[in-house]
Amino acid sequence: MNHARIQSTGSYLPDSVMENAELEARVDTTDAWIRERTGIARRHIAAPEQTCSDLAQHAALNAIAAAGLQADDIDCLIVATSTPDQVFPSTACRLIERLNIPSGAIAFDVAAACSGFVYALDIAHRFIQTGGAKRALVIGAEVFSRILDWSDRSTCVLFGDGAGAVILEAAPSAGILSTHLHADGRQEPLLNVPWGISQGYENLDGGRGNVSMRGNEVFRVAVRTLGALVDETLAANDLQRGDVDWLVPHQANIRIMSATARQLGLPLERMVSTVEDHGNTSAASIPLALDCAVRDGRIQRGELLLLEAFGAGFTWGSALIRY
Ligand code: ACO
């Protein structure tokens, strides 16, 4: 089996920033409630003409430049998203042309909601392990602003748009140490977008194409599940609490993230948090946070990172990485 390591990271956020104050004018909420209950102060919103592949393209170019590569060095492209450009071709296939990646590369999208990036990373890792790919571009990109009911205060204050990317390359020693993926569809009513193409356009009435969430119930499942996931990841690698250098969590809620850091035995300074400025960008949130902490110099080569996510499905997953 080959090994794989993260060669570089990249990210992109749309220019337009929506502060909590703007939401106060739209729905019955306050800046204080949003900050206290979620940790979110602002989020970026895509311009009307920007689609998922536009955001993904910027993040990808950023990661390719950081690695000093050309587009034809990439032979596998996976995009994690729940908000693709169109039904088909996949967002990944559309990016092949836009990024000028050679014809014949592997390209497809992965749908696992907020856990999508961890799922995509696991898949890319397996391609490299088995020799099916040498260098994979793994992107999380979302335009959640398009699937929000902007009159529903229980969801519209939570999400934002953005994209993050990593380049995973074959390496002599292991960078990706272990991945742990799980799913269970039994609690789907707690968190969903209850409409899709095969349900028929005639059934798409007001609000049905938007995120619907019983937040408090999701919160409790997320904290419990992520706690068990951290224990599973540590045990699989024969590690103790406190052994990890950085927690790079899915950025849904500062209270969920902090609970996971406590479970890991990490001080909060060792948790990468972008939720204040990005909100929840679903599959984009982990690579966005990772890129921030790599570029500002907090995360250094050789350090041990734990990436984890929980999202609709429910889906959940983690990756332990020697950066
Ligand atoms: N402003 C003011 N009040 C609000 C708002 C708001 N924006 N939203 C809800 N409230 C009210 C509720 O109506 C409720 O009022 P009541 O007590 O009079 O009934 C009160 O605030 C408390 O509501 P809760 O839902 O209990 O608030 P909670 O503390 O649980 O916070 C939140 C809500 C932020 C949604 C939290 O539950 C959460 O983060 N849940 C998990 C989200 C998550 O991790 N999702 C998975 C990933 S997302 C994905 O996969 C797409």
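The values are calculated or read from the model by the stated rules, or taken from the named source; none is laboratory data. What you are looking at is a predicted structure, and each value in this text was computed from that prediction instead of being measured. Cβ sites come from the backbone with ideal geometry, for glycine too, and all protein chains shown count toward neighbours.
Quick look at the values:
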{"item": "Any hit, region 153-165, residues being over 18 Å from Gln251 (Cα atoms), out of contact with any Pro (no Cβ under 6 Å at 6 or more places or on another chain), of a type outside the set (Asp, Glu) and modelled with pLDDT under 95", "result": "no"}
{"item": "Check on Ser145, modelled with pLDDT of 95 or more, within 29 Å of Gln57 (Cα to Cα), within 16 Å of the ligand (Cβ to nearest atom) and small (Gly, Ala, Ser)", "result": "yes"}
{"item": "Matching entry among Ala235, Ala228 (being assigned to a helix (DSSP H, G or I), more than 22 Å from the chain's Cα centre (by Cα) and more than 14 Å from the ligand (Cβ to nearest atom))", "result": "Ala235"}
{"item": "Set Gln251, Gln240, Gln263: member being surrounded by fewer than 21 Cβ atoms within 10 Å (Cβ to Cβ) and within 16 Å of the ligand (Cβ to nearest atom)", "result": "Gln263"}
{"item": "Leu268 vs. criteria more than 21 Å from Ala59 (Cβ to Cβ), buried (at least 18 other Cβ atoms within 10 Å of the Cβ) and modelled with pLDDT of 95 or more", "result": "no"}
{"item": "Among (1) on the phi < 0 side of the Ramachandran plot; (2) out of contact with any Lys or Arg (no Cβ under 8 Å at 6 or more places or on another chain); (3) more than 12 Å from the ligand (Cβ to nearest atom) - the single one Gly200 does not satisfy", "result": "(1)"}
{"item": "Residue in region 73-87 that is farther than 30 Å from Gly185 by Cα and not aliphatic (A, V, I, L, M) present", "result": "yes"}
{"item": "Residue in region 160-167 that is in contact with a Ser or Thr (Cβ under 7 Å, 6 or more places away or on another chain), buried (at least 16 other Cβ atoms within 10 Å of the Cβ) and over 19 Å from Ala120 (Cβ atoms) present", "result": "yes"}
{"item": "Near pairs, Cβ below 9 angstrom, 6+ apart or cross-chain, from region 93-118 (closer than 13 Å to Ala60 by Cβ) to any residue that is in a loop (DSSP other than H, G, I, E, B) and within 16 Å of the ligand (Cβ to nearest atom)", "result": "Arg94/Pro84"}
{"item": "All positions within region 281-323 that are surrounded by fewer than 24 Cβ atoms within 10 Å (Cβ to Cβ), assigned to a strand (DSSP E or B) and within 14 Å of the ligand (Cβ to nearest atom)", "result": "Thr315"}
{"item": "Members of region 137-159 found to be buried (at least 24 other Cβ atoms within 10 Å of the Cβ) and among the small types (Gly, Ala, Ser), listed by number", "result": "Gly140, Ala141"}
{"item": "Scope region 4-36; condition touching a residue at least 24 places away in the same chain (Cβ under 8 Å), surrounded by fewer than 17 Cβ atoms within 10 Å (Cβ to Cβ), out of contact with any Cys (no Cβ under 8 Å at 6 or more places or on another chain) and more than 19 Å from Ala289 (Cα to Cα); matching residues", "result": "Asp28"}
{"item": "Yes/no for Arg262 being in contact (Cβ under 8 Å) with a residue 40 or more places away in the chain and either more than 25 Å from Val143 (Cα to Cα) or of a type in the set (S, T, N, Q) (or both)", "result": "no"}
{"item": "Residue list for region 258-280, filter: out of contact with any Cys (no Cβ under 6 Å at 6 or more places or on another chain) and in a loop (DSSP other than H, G, I, E, B)", "result": "Gly265, Leu266, Pro267, Val272, Ser273, Gly279"}
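Okay, residues lined up against (1) within 15 Å of the ligand (Cβ to nearest atom); (2) charged (D, E, K, R); (3) without any contact (Cβ under 8 Å) to a residue 12 or more places away in the chain; (4) over 21 Å from Arg270 (Cα atoms):
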| residue | (1), (2), (3), (4) |
| --- | --- |
| Ser178 | no, no, no, no |
| Asn192 | yes, no, no, yes |
| Arg214 | yes, yes, no, yes |
| Ala222 | yes, no, no, no |
| Leu247 | no, no, no, no |
